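Please treat every number below as a calculation from the coordinates, not as lab data. Bear in mind the structure is a predicted one, so any value in this text is a computation, not a measurement. With ideal geometry, Cβ positions are generated from the backbone for all residues, glycine too; neighbour counts draw on all protein chains shown.
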Amino acid sequence: MWLIFALFSAAFAALTSILAKVGIDGVNSNLATAIRTVVVVVMSWGMVFLTNAQSGITEISKKSWLFLILSGLATGASWLCYYKALQIGDASKVVPVDKLSVVITLVLAFVFLHEQFTSKSLIGCILIGIGTLVMVI
């Protein structure tokens, strides 16, 4: 089931990039990010209430709160940088560079989460890096 959700995520991310590139024309990138964020907040809380998950908020540990907040800050920084890059660059070049996050995630997961870094992971990272370079040049 995770694969289905991951494929939908990739499709929506691709659509997001194209819609954002069109929508950001003539709009300050920070303002565009704020508008997008409000939509995401409303949609997310809508899903929380639709699925009746709001009662779980009191059960969240301090550690989880800390890391969720840090993750939110990282997301915000990522979105601000992404929208600025998208505003001044071509979507066909910005998006592949943004997807280098896959390589960075694999390295961070190995270092901090002690996840396996196999030869398959290494080959994938190298190919993503080469593919990004080819697309940007």
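Values for this structure:
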| read-out | value |
| --- | --- |
| Protection-proxy order for peptides 79-88, 126-135, 16-25, each taking the mean of Cβ atoms within 10 Å per residue, highest first | 79-88, 16-25, 126-135 |
| Burial ranking of peptide ranges 95-102, 53-60 (average Cβ count within 10 Å, highest at the top) | 95-102, 53-60 |
| Shape category assigned to the range 13-64 from the gyration tensor of Cα positions, a/c cut at 1.5 | prolate |
| Relative contact order [Cα under 8 Å, 6+ residues apart], the range 68-137, whole percent | 34 percent |
| Mean separation of Cα contacts under 8 Å, 6 or more apart, over the residue count of the chain: relative contact order % | 29 percent |
